Amino acid sequence: MHGGQRPRLLRVLIHLFVEDAVEQVPEFHPHIVLLDLTMPGMGGLEALRQIKTVAPRTCVIMVTALDDLDTARGALAQGASDYLTKPFPLRYLDSVLAIHLPLDAELSQA
């Protein structure tokens, strides 16, 4: 983190298939999900709907190369917390995550 802040301990899960990730949401209870809009298998908007159904408080940030205002509005209307268009600097992602990551997101268990 920047500005002399104490680093946070976070647990991260990465899945190659969106179906596997969606299945893990009820057990893992993620604070934040970074979700691509276009993926093989289940699409990002369907995954967003399923995640918000089982974990409505989970922050879902759509990360996509599709720079389309209507798609962004649709994702936000369906519960996405943010919509980022690739490519972007990692520093920008860091600032977006800092906005959406709750202060109590530090994990007591690793």
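Quick rundown of the values:
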| item | result |
| --- | --- |
| Which listed residue is surrounded by 15 or more Cβ atoms within 10 Å (Cβ to Cβ), at pLDDT 95 or above and part of a loop (DSSP other than H, G, I, E, B), from ALA80, ALA47 | ALA80 |
| Filter result for the condition that a residue is at pLDDT below 95, under 12 Å from the mean Cα position of the chain (by Cα) and not charged (D, E, K, R), over LEU69, LEU101 | LEU101 |
| Single unsatisfied condition, ASP67 versus (1) in contact (Cβ under 8 Å) with a residue 24 or more places away in the chain; (2) in a loop (DSSP other than H, G, I, E, B); (3) farther than 24 Å from PRO102 by Cβ; (4) not polar (S, T, N, Q) | (1) |
| Count of residues meeting criterion [modelled with pLDDT of 85 or more, outside any helix (DSSP H, G or I) and of a type in the set (A, V, I, L, M)] in region 14-28 | 1 |
| Residues located in region 54-66, provided they are within 11 Å of the chain's Cα centre (by Cα) and among the hydroxyl-bearing types (Ser, Thr, Tyr) | THR58 |
| Members of region 13-48 that are out of contact with any helix residue (DSSP H, G or I) (no Cβ under 8 Å at 6 or more places or on another chain) and among the β-branched types (Val, Ile, Thr) | ILE14 |
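The values are calculated or read from the model by the stated rules, or taken from the named source; none is laboratory data. From a predicted model like this one, the values you see are computed outputs, not experimental measurements. Here Cβ is always computed from backbone atoms with ideal geometry, including for glycine, and neighbour counts include all displayed protein chains.
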